[in-house]
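What follows is calculated from the coordinates using simple rules that are stated; it is not laboratory data. Note that the structure is predicted; figures quoted are calculated from it, not measured. No Cβ is skipped: glycine too gets one built from the backbone with ideal geometry, and neighbour counts run over all protein chains shown.
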Amino acid sequence: MSKAGATHAEGRRVRGPAPVGGQDAARPCPGRGPVHLDPKPPRPDGIERDAVAGANPGGTAILTALLMATFFTADTHFGDPHILRHQRARFDTIGAHDETLIARWNAVVGPGDSVWHLGDFAAHASRDHCAAVFARLNGTKRLVRGNHDSNRVLDLPWAEPPVDSARLSIRDARGTEHRLFLSHYAHRAWPGLWRETRHLYGHSHGCLPDTSRSCDVGVDAWDDRPATLDAILARQAAAALVPEELAALGLR
């Protein structure tokens, strides 16, 4: 569920083990600096909530749906000592890295919220470590598989079977519905681009510039925490670049 209504999604289910390859290993990237967010994003606690509660005093399910939020994140790399090459200025150990990401996740995501993780949840970590971290993270969690997500990640109790990509519709805080295409890897063109579908991805660790319709939702680009749809929309609105297919026709 999203802040202002239901979401629906479809995806390609994962089959077989995660690919292994040297070119996908973590590597330093100068990239864009992280965006610093408020400790807790605003929730729809204003007029809309009061109106629903007043119009339907017994509508607990409706009110609960309004209070739930959907977040997006990627590239947490729990338990992966190689990720310190990306984060060497801030983390001395992988333990410090993991504890910081868990704390920042739980600072914005509540137990009743929903989180789409767009891949590379953990790497080079034991099954026990993956399970222990997963259990400490708030929210109902779904996975779009990344190249580092082995069976020890795929076998975690995700809300639905992990997928290779997903297409869903979700409402923003004002109730406007947006179509999204989710994948671990960034695309220059994607399904639904011409129907105003937006693209969210991970993998690139903040190295790729945003466009008016796409951006990286990984922790490297979002101050180590999941992002809300409204924050993502604001970032895309501020992007200087436009997907080439749209720019060729003077569209944004």
Report summary line: HN-Hα couplings for region 94-102 via Karplus (6.51, -1.76, 1.60; θ = phi - 60°), in whole Hz with x for Gly/Pro, come out as 5, x, 5, 4, 5, 5, 5, 5, 5
**Report entry** Area projected by the alpha carbon convex hull of region 69-247, averaged over all directions, nm²
**Finding:** 9.8 nm²
Query - Projected label distance in nm at R188 and R85, using a 7 Å step from Cα toward the beta-carbon - result: 2.6 nm
Requested in this report: Arrange the following residues from fewest to most other Cβ atoms within 10 Å of their Cβ: D220, D230.
Outcome: D230, D220
Query raised in the report: Once amide H atoms are built 1.01 Å from N in the peptide plane, which residues 5 or more positions from R198, or in another chain, come under 5 Å H to H?
Result: R179, L180, F181
Report task. Provide, in order from the shortest bin, the percent of all Cα-Cα pairs of region 152-223 in each 10 Å bin, continuing until the bin that contains the maximum pair distance. Result -> 18, 44, 34, 5
Query raised in the report: By count of other Cβ within 10 Å, fewest leading, how are V153, V217 ordered?
Result: V217, V153
Requested in this report: Using a Förster distance of 22 angstrom, determine the FRET efficiency expected from the C-beta separation of T176 and A248, and round it to 0.05.
Outcome: 0.25
Requested in this report: Would you mind ranking Y185, Y201 so that the residue whose beta carbon has the fewest other beta carbons within 10 Å leads the list?
Outcome: Y185, Y201
Query - Nearest-0.05 FRET efficiency for E196 and A132, computed from C-beta distance (R0 45 Å) - result: 0.65
Report summary line: Taking alpha-carbon centroids only, region 136-186 lies from region 222-252 a number of Å equal to 19 Å
